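The values are calculated or read from the model by the stated rules, or taken from the named source; none is laboratory data. Worth saying up front: this structure is predicted, and the values here are computed from it rather than measured. Cβ placement follows ideal geometry from the backbone for every residue including glycine, while neighbour counts extend to all protein chains displayed.
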Amino acid sequence: MIKPDGVQRGLVGKIIARFEEKGLKLEALKFLRPSECLLHQHYAEHQGKSFFEPLVKYIQSGPVVPMVWQGPDAVKIARTLIGSTNPSQSPPGTIRGDMAVQTQKNLIHGSDSVTSAEREIDLWFDNKELIGWDRDGDKWVLESA
Ligand code: GDP
Ligand code: MG
């Protein structure tokens, strides 16, 4: 999910391009202002932490771009593309390492496990919004069976 800072800074296209260039396949995407209720569920693991309320307020401060990217090891690949939580510890070449400075405004959220991804996809998308499609270029990206 591209966070409000990514949208406000005009980085939506650049961030999406990183996932496309890598070879992951876009399955769903939308543009919305998330409700407080949705964010409380999304960030449930952080409830009670000092940064929780400011985090929810910040993510609610403008529109965001939730997306579903599919592919082998997609969660691991996405987290590698995104970089570390703290951009100052994120190497060049990563989204946060190249384009962000401080932890809160680190441009993008990425699911941290397949279980989290399934839970978060369920929170942000209806089943019918997930587009199952065949990408012609996949034969040049994926190992054949
Ligand atoms: P992520 O999975 O790398 O996004 O990191 P976490 O799940 O640990 O934290 C969720 C989000 O909360 C981060 O991406 C930051 O936007 C924010 N956050 C995490 N830790 C801190 C912190 O120590 N201070 C502040 N201000 N924000 C934090
Ligand atoms: Mg996390």
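Within the stretch 45-71, the residues that satisfy the criterion of being farther than 21 Å from Gln8 by Cβ and within 11 Å of ligand 1 (Cβ to nearest atom) are Glu45, His46, Lys49, Ser50, Phe52.
The set of residues in the stretch 12-49 being of a type in the set (Asp, Glu) and over 20 Å from Asn127 (Cα atoms) consists of Glu20, Glu21, Glu36, Glu45.
For the stretch 119-145, residues that are closer than 19 Å to Val64 by Cβ and either in contact (Cβ under 8 Å) with a residue 24 or more places away in the chain or not acidic (Asp, Glu) (or both) total 8.
Note on the stretch 58-72: residues that are more than 13 Å from the chain's Cα centre (by Cα) and surrounded by 13 or more Cβ atoms within 10 Å (Cβ to Cβ) total 6.
For the stretch 123-145, a residue qualifies if it is within 15 Å of ligand 2 (Cβ to nearest atom) and either among the aromatic types (Phe, Trp, Tyr) or outside any helix (DSSP H, G or I) (or both), and exactly one does: Trp124.
Of the residues making up the stretch 29-41, not a single one is farther than 22 Å from Val7 by Cβ and more than 16 Å from ligand 2 (Cβ to nearest atom).
Ala74 passes every criterion in (1) touching a residue at least 40 places away in the same chain (Cβ under 8 Å); (2) away from ligand 1 (no atom under 16 Å from the Cβ); (3) small (Gly, Ala, Ser) apart from (2). Quick check, is Gly48 away from ligand 2 (no atom under 16 Å from the Cβ), in a loop (DSSP other than H, G, I, E, B) and out of contact with any helix residue (DSSP H, G or I) (no Cβ under 6 Å at 6 or more places or on another chain)? In short, no.
Can you spot a residue in the stretch 127-145 that is aliphatic (A, V, I, L, M), loosely packed, with under 12 Cβ neighbours inside 10 Å and either modelled with pLDDT of 95 or more or at negative phi (or both)?
yes
To keep it simple, each residue is scored yes or no on (1) touching a Leu at 6+ places or on another chain (Cβ under 8 Å); (2) surrounded by 16 or more Cβ atoms within 10 Å (Cβ to Cβ); (3) modelled with pLDDT under 95.
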| residue | (1), (2), (3) |
| --- | --- |
| Leu11 | yes, yes, no |
| Arg18 | yes, yes, no |
| Lys22 | yes, no, no |
| Glu27 | yes, yes, no |
| Val75 | no, yes, no |
| Thr80 | no, no, no |
| Ser84 | no, no, no |
| Ser90 | no, yes, no |
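The sole residue among Leu55, Leu107 that is in contact (Cβ under 8 Å) with a residue 24 or more places away in the chain, within 14 Å of ligand 2 (Cβ to nearest atom), crowded, with 16+ Cβ neighbours inside 10 Å and on the phi > 0 side of the Ramachandran plot is Leu107. Residue count for the stretch 112-122 under the criterion of being within 15 Å of ligand 1 (Cβ to nearest atom) and part of a helix (DSSP H, G or I): the result is 6.
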